[in-house]
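Enquirer: Structure below; questions to follow.
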Amino acid sequence: MRFSAAELSRLLNGIVEGNPDITVSDLAKIEEGVEGTLSFLANPKYESFLYTTNASIVIINQDLQLTAPVNCTLIRVENAYTAFSVLLEKYNTIKSNKVGIEQPAFISPSATLGVQPYVGAFAYIGNNVKIGNNVKIYPQVYVGDNVTIDDNTVLFAGVKIYSDCVLGKNVIIHSGTVIGSDGFGFAPQVDGSYSKVSQIGNVIIEDDVEIGSNASIDRATMGSTIIRKGVKLDNLIQIAHNVEIGQNTVIASQSGVSGSTKVGENCIIGGQVGIVGHINISKGTKINAQSGVSKSIVEQDKKWNGSPAFAFNDSLKAYAVYRRLPELERKLQEIEKLLLEAKEL
């Protein structure tokens, strides 16, 4: 894949400064650029590399003022970071544009596949599965009975989709993730044992969701566990049964959301956050890494920290006091000693 500066500028609606005919065939960071590569500059901290890079083409912001000569061809765009992300996406799409059905793979006679599917070797597609157009199912993926997968969705190697689950358009699920495993439902018995509560619901994943590797999203006891449109989940995340994650919420690695909790839209949840069950998290909430949330958050667009979590600014003040506890204890002892000596006088 080789592109000229002129072709790239048309794609990005940019302006070429330099040789419009120079071509590139690979991508590189600006500090590691070599001849034939394309790079970008968005962070001012890296501007010095613009004047020393050996990359053939560099994408820059249209308002960047040069302070020295450059050896590369420039493409000025409104937002260099966004433009480069567009190119990365197109590059990745071309690179992963697999089509066809590899063997051995099992596809139930009752399953239906849309146009231009890719089914990798050793994949399993169960009864009454409905798969849309341009769906890519990599090797060793399991798709259970009655699953629906909409257009342009990608399931990377080893993904498991249990029966009756529904996946929307443009969903990406990375290797090792399990969708629709049983929720953690057990009824305590008189003798101290636990009786399993059958989990007969499903998981619904709406459009434009991306889920990292080795995550688990449990099916509902009844009804649906729902991941709303635009949600982004990192690796190693646990979403329990009957949870609902609101639109465009992002959750970082090793976090867990317990059963029946509703997380609002546009929330940002840091790594290793634990959220108890049967509570509500308001829209726009930001939860700092390693926080523990034990009750509903009713205020919108607030930041939280700590375990149990409380208002972010209050938590910082409390931590400042906490760090001074030995000093404060010493002062308190001195005051007690002075009071005792005054009392004796």
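Enquirer: Here are the criteria: (1) on the phi > 0 side of the Ramachandran plot; (2) part of a strand (DSSP E or B). Tell me which single one residue 248 does not satisfy.
Expert: Single failed check for residue 248: (2).
Enquirer: Given 278, 241, which one is touching a Lys or Arg at 6+ places or on another chain (Cβ under 7 Å), assigned to a loop (DSSP other than H, G, I, E, B) and open to solvent by 10 Å² or more (accessible area, probe 1.4 Å)?
Expert: The conditions single out 241.
Enquirer: From the list 43, 54, 79, exactly one residue is in contact with a Gly (Cβ under 8 Å, 6 or more places away or on another chain) and farther than 15 Å from residue 17 by Cβ. Which is it?
Expert: Exactly one of 43, 54, 79 is in contact with a Gly (Cβ under 8 Å, 6 or more places away or on another chain) and farther than 15 Å from residue 17 by Cβ, namely 54.
Enquirer: Could you list all residues from segment 105-120 that are farther than 16 Å from residue 166 by Cβ and open to solvent by 70 Å² or more (accessible area, probe 1.4 Å)?
Expert: Scanning segment 105-120 gives 106, 109, 115, 116.
Enquirer: Give the number of residues within segment 121-155 that are among the basic types (Lys, Arg) and open to solvent by 30 Å² or more (accessible area, probe 1.4 Å).
Expert: 1
Enquirer: Collect the residues in segment 147-180 that are under 13 Å from residue 204 (Cα atoms) and polar (S, T, N, Q), keeping them in residue-number order.
Expert: Result: 148, 163.
Enquirer: What number of residues in segment 281-299 are small (Gly, Ala, Ser) and not in a loop (DSSP other than H, G, I, E, B)?
Expert: Number satisfying all stated conditions: 1.
Enquirer: Moving on to the next point. For the condition open to solvent by less than 30 Å² (accessible area, probe 1.4 Å) and not in a loop (DSSP other than H, G, I, E, B), what is the one hit in 180, 259, 271?
Expert: Within the list 180, 259, 271, the selection yields 180.
Enquirer: Residue 266 is checked against (1) under 22 Å from residue 230 (Cβ atoms); (2) polar (S, T, N, Q); (3) open to solvent by less than 70 Å² (accessible area, probe 1.4 Å) and fails just one. What number does that condition carry?
Expert: (3)
Enquirer: From the list 266, 305, 280, 248, which one is in contact with a strand residue (DSSP E or B) (Cβ under 6 Å, 6 or more places away or on another chain) and over 20 Å from residue 216 (Cβ atoms)?
Expert: Going through 266, 305, 280, 248 in turn, just one is in contact with a strand residue (DSSP E or B) (Cβ under 6 Å, 6 or more places away or on another chain) and over 20 Å from residue 216 (Cβ atoms): 280.
Enquirer: Also, quick follow-up: Those residues that are open to solvent by less than 90 Å² (accessible area, probe 1.4 Å) and either modelled with pLDDT of 85 or more or not in a helix (DSSP H, G or I) (or both), I need them from segment 303-315; list them, please.
Expert: Passing the criteria: 304, 305, 306, 308, 309, 310, 311, 312, 314.
Enquirer: To continue, here is another question. When you go through (1) in contact with an Asp or Glu (Cβ under 8 Å, 6 or more places away or on another chain); (2) part of a loop (DSSP other than H, G, I, E, B) one by one for residue 208, which number turns out not to apply?
Expert: Just one mismatch for residue 208, condition (1).
Enquirer: Going by what's in this entry, would residue 220 be described as over 24 Å from residue 102 (Cβ atoms), open to solvent by less than 10 Å² (accessible area, probe 1.4 Å), among the aliphatic types (A, V, I, L, M) and modelled with pLDDT of 95 or more?
Expert: For residue 220, the condition - over 24 Å from residue 102 (Cβ atoms), open to solvent by less than 10 Å² (accessible area, probe 1.4 Å), among the aliphatic types (A, V, I, L, M) and modelled with pLDDT of 95 or more - is met.
The values are calculated or read from the model by the stated rules, or taken from the named source; none is laboratory data. Bear in mind the structure is a predicted one, so any value in this text is a computation, not a measurement. Cβ sites come from the backbone with ideal geometry, for glycine too, and all protein chains shown count toward neighbours. What goes into the accessible areas is simple: the full protein's heavy atoms, side chains included, and nothing from ligands, DNA or RNA. Shrake-Rupley method; radii C 1.70, N 1.55, O 1.52, S 1.80 Å.
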